[in-house]
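The values are calculated or read from the model by the stated rules, or taken from the named source; none is laboratory data. Not measured: the values here are computed from a predicted model. Virtual Cβ from ideal backbone geometry, glycine too; neighbours counted across all protein chains shown.
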Amino acid sequence: MNREIKFRAWDGNEIYIDVVALFSSMEIIEAHSMAGTRLKKVKAFLQFTGLKDKNGKEIYECDEMCGEDAYGNKIRGVVKFIDGAFLLISSNHFFTQAGHSNHSHTYFRDMAGQLEICGLVIAELKVTEE
C-alpha cells in the first residue's frame with residue numbers, strides 16, 4: 001500500500017500545514033511551511049495517516065474523530081501513532097489502521113470514511129524539549 005507522507009507542525013501556538021523539515025540525528029535543523037514560513041520552534045510534528053474522513057478531510061495524528069460505527073454505536077476518539085501504527089483511541093474502543101480492535105473487528109482504515117474530524121487534541125501531543 002502506498003501513501004503520501006505529510007506533516008503538520010505545532011509551535012505551541014499555531015498549527016502549520018504542509019511542513020517540510022530537515023533532520024540530522026533526529027534533531028530538527030530547519031522547518032518550513034509550504035507557504036514559506038520558517039518555523040523557529042517546532043514543538044511537535046503531526047503525521048498524515050493516509051486516510052480521509054467522511055468529508056474528504058485528511059486525518060492527522062491528534063485529530064479528534066466523531067461519528068457512529070456500522071452498528072450505530074457512538075464513537076469519539078483521538079488519532080495516535082503507537083508502535084508503528086495509527087490508532088483511534090477512545091474511552092471504550094481502540095481501532096488500529098490495519099487490524100486488531102479490543103471490542104470490535106472494525107479497522108480504523110475501514111471506518112475512517114464514516115467518521116468526521118471534530119477537533120484537535122493538543123493535550124495529546126508529545127512536546128519536544130527546547
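Just a few scattered comments:
- For the range 44-81, the tally of residues that are under 22 Å from I17 (Cα atoms) and out of contact with any Ser or Thr (no Cβ under 6 Å at 6 or more places or on another chain) stands at 26.
- Residues in the range 90-130 that are surrounded by 13 or more Cβ atoms within 10 Å (Cβ to Cβ) and within 19 Å of W10 (Cβ to Cβ) were compared, and the one that is modelled with the lowest pLDDT is T128.
- Selected residue (only one of E30, E4 is at pLDDT 70 or above and either closer than 19 Å to V121 by Cα or in contact with a strand residue (DSSP E or B) (Cβ under 9 Å, 6 or more places away or on another chain) (or both)): E4
- Test result for L87, more than 19 Å from I15 (Cα to Cα) and either in contact with a strand residue (DSSP E or B) (Cβ under 7 Å, 6 or more places away or on another chain) or assigned to a strand (DSSP E or B) (or both): yes
- Condition check for D53: at pLDDT 80 or above and under 23 Å from E116 (Cβ atoms): yes
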